[in-house]
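Novice: Would you mind keeping the following structure in view while I ask a few things?
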Amino acid sequence: QAKRQGKSSYAHFTPEMHEQSHERLQMESRLRRALELEEFELHFQPILETATGQLRTVEALLRWNNPVMGMTLPDRFIPLAEETGLIIPIGEWVFEEACRAANRWKLLTGRDIDISVNVSPRQFRDPRFTGSVKAALSRNDLAPERLELEITERLLLDNSIETADILRQLDREGVRLAVDDFGTGYSALSYLKGYPFDTLKIDKSFIHDVTQEQEAGALVRAIINMAHSLGLTITAEGVDDALQAEFLKKEGCDLAQGYFYSVPLPDRDFTEWLKIHYLD
Ligand code: C2E
Ligand code: MG
Ligand code: MG
Ligand code: MG
């Protein structure tokens, strides 16, 4: 019955659809003004070596503080930012902020702390992308090796020469490259061989059951071993308890991030985290 209803209402513009498109338009106009109103904020989540517990890099995660909608997570607005192209200026803001944060941490701790930034397909395919990454690095006097770009596996699906070219260009610049959410898209590890990636991030859906289900454990073990045989560093995301952390350490997963170690923190709290872990 639901199917029939779905079909018959398809041709009409239902009140619900009207509501939805109105909401969307409203959100779009808010999103257009968000940059100038300084409503964006980066939160930071540490990524640690499983063997030593040492900090390896910090992932920058975007938040949108809108007075009407409150604190909004990226899954709610990145798709719209992509569709409208607003992700281009927003992404540039993210790079600038991330580089500046890395410099503040250096002043505070005396250490070079690496930063990982998420890049969505629309940004990546923008002809100005490589240039704007380079510009942010040089403006902030940051070596390219200090920056890692996280690109979702889905981007590789198009299998285009263009994508491969951009990846190689970024690699030549010295920027590090990571495949994000590995396992949710194409999933063929051998397929990654042709690209200059440094790191593979196993999607959190795989980590969730790793100590509950034998098969999930076996799968993660296999991914770790295959990634290593391809010379890739492997990161587990979404690690939220001690058993998972222990499993990953035992299986030789290089890096891990998740609520078990730290939730993503606002700048001030992350600075406190750094002080506690690196200043005494
Ligand atoms: P992602 O890059 O895979 O980021 C990891 C997500 O997992 C983050 O969600 C993080 O808060 C969450 N997470 C971390 N530890 C745990 C854990 O232990 N358990 C669980 N269940 N979740 C955990 P968040 O911050 O909501 O970001 C969602 C996605 O939005 C990101 O996924 C990334 O793809 C995208 N994103 C975030 N910031 C940016 C950005 O600046 N630019 C672009 N283009 N995309 C971004
Ligand atoms: Mg990421
Ligand atoms: Mg490289
Ligand atoms: Mg991910």
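The values are calculated or read from the model by the stated rules, or taken from the named source; none is laboratory data. The shown structure was predicted, so the numbers you read here are calculated from the model rather than taken from an experiment. Virtual Cβ from ideal backbone geometry, glycine too; neighbours counted across all protein chains shown. Areas reflect the complete protein model, heavy atoms only, side chains present, ligands, DNA and RNA absent. Shrake-Rupley method; radii C 1.70, N 1.55, O 1.52, S 1.80 Å.
Novice: Using θ = phi - 60° and the Karplus relation 6.51 cos²θ - 1.76 cosθ + 1.60, list the HN-Hα couplings for the range 109-124 in order, rounded to whole Hz, with x at every Gly or Pro.
Specialist: Ordered by residue, 3J(HN,Hα) equals 9, x, 10, 7, 10, 6, 10, 10, 10, 7, 10, 9, x, 4, 5, 4 Hz.
Novice: Listed highest first by mean packing, meaning other Cβ atoms within 10 Å per residue, what order do 199-206, 89-96 come in?
Specialist: 199-206, 89-96
Novice: Over the heavy atoms of Met27, what accessible area does a 1.4 Å probe trace out, to the nearest 10 Å²?
Specialist: Roughly 20 Å² of Met27 is accessible to a 1.4 Å probe.
Novice: Moving on. Residues with amide H under 5 Å of Asp114's amide H, sequence separation 5 or more or different chain, H placed in the peptide plane at 1.01 Å from N; which?
Specialist: Amide H to amide H, under 5 Å and 5 or more residues apart or across chains, Asp114 pairs with Val58.
Novice: Note the count of lysine pairs whose C-alpha atoms are less than 17 angstrom apart in the chain, limited to pairs 8 or more residues apart or on different chains.
Specialist: Total qualifying Lys-Lys pairs in the chain comes to 4.
Novice: When ranked by the protection proxy of mean other Cβ atoms within 10 Å per residue, highest first, what sequence do the peptides 158-169, 71-82 form?
Specialist: The packing order, highest mean first, is 71-82, 158-169.
Novice: At each listed q (0.24, 0.26, 0.28 Å⁻¹), what is the log10 of I(q)/I(0) that the Debye formula gives for the range 169-212 modelled as equal alpha-carbon point scatterers?
Specialist: Per q value, in the given order, log10 I(q)/I(0) is -0.88, -0.95, -1.02.
Novice: Which whole-Hz ³J(HN,Hα) couplings does the range 136-152 yield from phi under the Karplus relation 6.51 cos²θ - 1.76 cosθ + 1.60, θ = phi - 60°, glycine and proline marked x?
Specialist: 4, 5, 6, 4, 9, 6, 10, 5, x, 5, 7, 10, 10, 9, 9, 10, 6
Novice: Given the chain, what whole percent of its Cα pairs are spread farther than 26 Å?
Specialist: Distances greater than 26 Å cover 49 percent of the Cα pairs.
Novice: So if I place +1 on the C-beta of Lys and Arg and -1 on the C-beta of Asp and Glu, and nothing else carries charge, what would the dipole magnitude of the chain be about its Cα centre? I want it in debye, nearest 20.
Specialist: Roughly 420 debye for the chain.
Novice: Just the C-alpha atoms of the range 33-80: what Rg/Rh do they give, with Rh taken as the Kirkwood radius?
Specialist: Rg divided by Rh gives 1.16.
Novice: Over the chain, with every protein chain in place, what whole percent of the accessible area is carbon and sulfur at 1.4 Å, could you tell me?
Specialist: 51 percent
Novice: For the range 72-82, what does the Karplus curve 6.51 cos²θ - 1.76 cosθ + 1.60, with θ = phi - 60°, yield as ³J(HN,Hα) per residue in whole Hz, taken in order and with x for Gly and Pro?
Specialist: Running phi through 6.51 cos²θ - 1.76 cosθ + 1.60 with θ = phi - 60° gives 10, 7, x, 4, 7, 10, 4, x, 5, 5, 5 Hz.
Novice: Roll a 1.4 Å probe over the protein chains and send me the accessible area per residue for the chain in Å².
Specialist: Value returned for the chain: 53 Å² of accessible area per residue.
Novice: Still on this structure, I have one more. Loop only per DSSP, at most 13 neighbouring Cβ atoms within 10 Å: give me the trypsin sites (Lys or Arg not before Pro) in the range 88-124, ordered by residue number.
Specialist: Here the trypsin sites (Lys or Arg not before Pro) that fit, given the DSSP loop and packing criteria, are Arg111.
Novice: List, largest first, the extents of the alpha carbons of the range 48-167 along their principal axes, each in whole Å.
Specialist: Principal-axis extents of the range 48-167 (Cα, largest first): 43, 40, 33 Å.
Novice: Now a separate question. Starting from the Kirkwood Rh over alpha-carbon pairs, what translational D in µm² s⁻¹ does the range 60-109 have by Stokes-Einstein at 25 °C and 0.890 mPa s?
Specialist: Answer from the Stokes-Einstein relation: 201 µm²/s.
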